[in-house]
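S.K.: Attaching a single structure in structure tokens format; questions to follow.
Taken together, the values in this text are just the output of simple stated rules run on the coordinates, not laboratory data. This is a predicted model, so every value here is computed, not measured. Cβ atoms come from the backbone with ideal geometry, glycine included; neighbour counts cover every protein chain shown.
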Amino acid sequence: MENIEVTSISSRGQVVIPQNLREKLRINEGEKFVVIGEDNMIILKKLEMPSFSGVDKLLRKTREFTKRKGLKEPDIEGVIRQVRRK
């Protein structure tokens, strides 16, 4: 491990992540983490928003597909209702 720090837990279960690690890992106030507990180890994994770079392309292809197939909005809504009932 590159950086080892010592910290403690408060009576409310709060753990302070040392400032130099927060800066290095670009951890800001209010960020969310997944907490994993295993044996005597706790792992915090920072949650990051997924990249939406391909969404525009996916939407374009979906619109082209529905247009080619002649699907209308009521058709799609009907399929969604059917799937939700299952």
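S.K.: If we count every other residue with Cβ under 12 angstrom of GLY78's Cβ, Lys/Arg +1 and Asp/Glu -1, where does the sum land?
M.R.: Numbers: positive: LYS72, ARG81, ARG84, ARG85; negative: GLU73, ASP75, GLU77.
After counting each charged neighbour, the total is +1.
S.K.: How large is ³J(HN,Hα) for each residue in segment 33-40, as worked out from phi by the Karplus curve 6.51 cos²θ - 1.76 cosθ + 1.60 (θ = phi - 60°), to whole Hz, x for Gly and Pro?
M.R.: Each residue's phi maps through the Karplus curve to give 9, 8, 10, 10, x, 8, 6, 9 Hz.
S.K.: Separate question: Let me know the charge dipole size of segment 29-86 about its Cα centre in debye, to the nearest 20, where only the beta-carbon of Lys, Arg (+1) and Asp, Glu (-1) is charged. Let's see the in-between values first.
M.R.: Values: 15 positive and 10 negative charges, 153 e Å.
That gives a dipole near 740 debye.
S.K.: Express in nm, to one decimal, how much length is gained between VAL79 and ASN20 on full extension, taking 0.36 nm for each residue of separation and deducting their alpha carbon distance.
M.R.: Working: separation 59, 0.36 × 59 = 21.24 nm, distance 5.23 nm.
Result for the pair: 16.0 nm of gain on full extension.
S.K.: Counting pairs of alpha carbon atoms under 8 Å apart in space and at least six apart in sequence, what relative contact order in percent does the chain give? Spell out each step's value before the answer.
M.R.: Details: 33 pairs, mean separation 10.2, N = 86.
After rounding, I find 12 percent.
S.K.: Another one. By how many degrees, between 0 and 90 and to the nearest 10, does the Cα long axis of helix 55-69 differ from the longest principal axis of the chain?
M.R.: Here the helix axis deviates by roughly 20 degrees.
S.K.: Rank ILE43, THR62, SER11 by how far each Cα sits towards the positive end of the charge dipole of the chain (+1 on Lys, Arg Cβ; -1 on Asp, Glu Cβ) and give me just the farthest.
M.R.: So the residue we want is THR62.
S.K.: Number of Lys pairs in the chain with C-alpha atoms less than 24 angstrom apart, excluding same-chain neighbours closer than eight positions?
M.R.: 11
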